[in-house]
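Step one of this worksheet: look at the structure below.
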Amino acid sequence: MDNNLLEGLNRQINQELYSAYIYFTMSAYFFEINMDGFGKLIKEQAAEELEHAKRIYGYLLARDEKIKFYPIEAPDNNWINPIDAIKSALQHEKVVTSLISKLYEISKEVKDYAGEIFLQWFVTEQVEEEEKFRNILAKLENVQNYDCEVVNMDRELKKD
Ligand code: FEO
């Protein structure tokens, strides 16, 4: 595999693990302020991120490439309110989208067709990830002046 693409995929494993770390931190924030529905949702997001990391890990093993692990920094957790937290989640997903796009571009440039097909799943997934947080943020912003409605929304999110 092209070295640049390999390095990028290894870095992306780290990025997905960092994403999981961010969402575990954020879920703890929501549980701590007794917004258990949001806490549950964001904890599930953390689990999804671990799956993303495992997906790349499995792909590199299948391609007989060397997997590298990098340090994971501690996420900021100084959100001032739920809107601030969800805004930062959306912002984070936009960064991830740009990283995935870059990897996709590299795979095209170096004509790594398997890599291109592999990364298509992530390209589609990022549309979903951004949409998820954009929708939650829009709803929160709509009801930010009506505390009881935020509580109702949290109750809805908590349902299976
Ligand atoms: Fe794995 Fe939220 O991107």
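The values are calculated or read from the model by the stated rules, or taken from the named source; none is laboratory data. Note that this is a predicted model, so its numbers are computed, not measured. All Cβ positions, even for glycine, are placed from backbone atoms using ideal geometry, and neighbour counts span all protein chains on display. Each accessible area value is taken on the protein alone, full model and side chains, heavy atoms only, with ligands, DNA and RNA left out. Shrake-Rupley method; radii C 1.70, N 1.55, O 1.52, S 1.80 Å.
Could you tell me how many of the residues in segment 43-62 are more than 11 Å from the ligand (Cβ to nearest atom) and crowded, with 16+ Cβ neighbours inside 10 Å? Counting residues in segment 43-62 that are more than 11 Å from the ligand (Cβ to nearest atom) and crowded, with 16+ Cβ neighbours inside 10 Å gives 4. Per the conditions (1) touching a residue at least 40 places away in the same chain (Cβ under 8 Å); (2) open to solvent by 80 Å² or more (accessible area, probe 1.4 Å), the sole criterion not satisfied by Gln120 is (1). Taken over segment 65-80, residues that are surrounded by fewer than 12 Cβ atoms within 10 Å (Cβ to Cβ) and over 17 Å from the mean Cα position of the chain (by Cα) amount to 5.
Return the residue satisfying two criteria in turn: it lies in segment 20-42 and is crowded, with 17+ Cβ neighbours inside 10 Å, among the hydrophobic types (A, V, I, L, M, F, W, C) and away from the ligand (no atom under 14 Å from the Cβ), and of such residues it is farthest from Ala89 (Cα to Cα). Top of the filtered list is Met35.
Among the conditions (1) buried (at least 18 other Cβ atoms within 10 Å of the Cβ); (2) within 16 Å of the ligand (Cβ to nearest atom); (3) assigned to a loop (DSSP other than H, G, I, E, B), the only one that Ile86 does not satisfy is (3).
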